[in-house]
Structures are given as C-alpha cells and as structure tokens.
Amino acid sequence: MSAPVEIRNSATGKLLPAIGPFLIAGIFGFFALKGLSSGAPGGGVLLVVVVLALGCLGLGFFIARGAFDTSVQVVLDADGFRDRRSGGVLVPWQTVRGVRLVSGQGSSMLSFELTGPDAIRHAPASALRRALPFAWNTVHMEVSSLDMSGADMMAAIRRLAPGVRAGR
C-alpha cells in the first residue's frame, strides 16, 4: 500500500499572480495622491480612482492569501483523490476512466474523465461542470498553484492507480 501524497499551496504560485493587482493599485493610488496634492477639481474622478485603487488592492490580497494557507489542498491515495478547494469529496479511482495533463501559457490543469452512472455524485463541485451539461463527466483540477508539478502528480497517479489511463 503506497503512502498518500499530500499537496499544499505553492507560495510563489500564489504570490506572483498578486503582483499585477498590487502594481495597478499603486498606479491608481499615485494618481489619486497626485490629484489631491495638486488641488485639481474633479471630486467624482478622484473618487473613482480611489475606489479602483482600493479594489485592486483588495484583489491582490485576495489572490495572495492562499500563499499563507499551509493546509493540505489535494490528497492522492490508493482509494482516490480529494481536492479540498472543490468541496473535499473523495473521488474513487474506480470512477476515473482517464486523466490527462493540460498545460499552456504558464498554467497547468489535470482533467479527470469520470465514468459510471454515479460519477456525478463523486465529482467535486466544478463551476464548469454545472454550467455545461455536456461536461458532467469531466473534473478539472488546477495544479499550477500547488507545490507539486503536474508531471509529478501524473507520476503519482500512475503509481497509485495503475488501472487509470494516464495520458499527456
């Protein structure tokens, strides 16, 4: 029996995407302060710039908060996989027909193809699955923000679930 693989958030996978909103908030804040210091009229515009700066700052903190969450996010074991970010439901390997790694533009995702009449019961909450009725048997797991690469996760799945078709 193989030991379970516990996967946590990657600090860089969460902090780097937050840089953009922080930079935009800084730019908006700079122009808001510049407008205040110059005494320029236009209270409505200034208010909008301040609201945009605060919104971008809030978005940056929202994105970056995951870097400080050290709890286990995904567990792969001999019974199946569990993604805490999508409801924490155990998806048994018996309901998984295949898994493939989808990569591109600096992000990667594992796509699990589920089978059987009760596959939907085992599937974690997925906005895509709810929005697209034809995607009911596919579960997507974003892996670029985790501390284990997609290729390493595929290797662990091949080791833990030899009956699951694992492709690229």
### Query
Considering the alpha-carbon set of the stretch 7-69 alone, what are its Rg and its Dmax in angstrom?
14.8, 53
### Message
List the residues, sorted by chain then number, that are 5 or more residues from residue 108 or on another chain and whose placed amide H is less than 5 Å from its amide H.
### Response
143, 144
### Message
Given a Förster distance of 45 Å, report the FRET efficiency between residue 89 and residue 16 from their Cβ-Cβ distance, rounded to the nearest 0.05.
### Response
0.95
### Query
Once you list every other residue whose beta carbon is under 12 Å from the beta carbon of residue 77, what net charge do they have if Lys and Arg are +1 and Asp and Glu are -1?
0
### Query
Of the heavy-atom accessible surface of the stretch 32-98 (probe 1.4 angstrom), what whole percent is carbon and sulfur?
70
### Query
Using a simple spin-label model with points 7 Å from Cα along the Cα→Cβ vector, what separation in nm is obtained for residue 62 and residue 3?
3.8
## Note on the structure
Here the gain from full extension of residue 151 to residue 40, 0.36 nm per residue of separation minus their alpha-carbon distance, amounts to 34.4 nm
### Task
Order 109, 154, most accessible first, counting only protein heavy atoms with a 1.4 angstrom probe.
109, 154
### Task
Could I have the simple spin-label model distance between residue 47 and residue 69, label points 7 Å from Cα toward Cβ, reported in nm to one decimal?
3.5
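The values are calculated or read from the model by the stated rules, or taken from the named source; none is laboratory data. All values reported here derive from a predicted model rather than from experimental measurement. Every residue, glycine among them, receives a Cβ derived from its backbone with ideal geometry; neighbour counts consider all protein chains shown. In case anyone asks, the SASA skips ligands and DNA or RNA and just uses the protein heavy atoms, side chains included. Shrake-Rupley method; radii C 1.70, N 1.55, O 1.52, S 1.80 Å.
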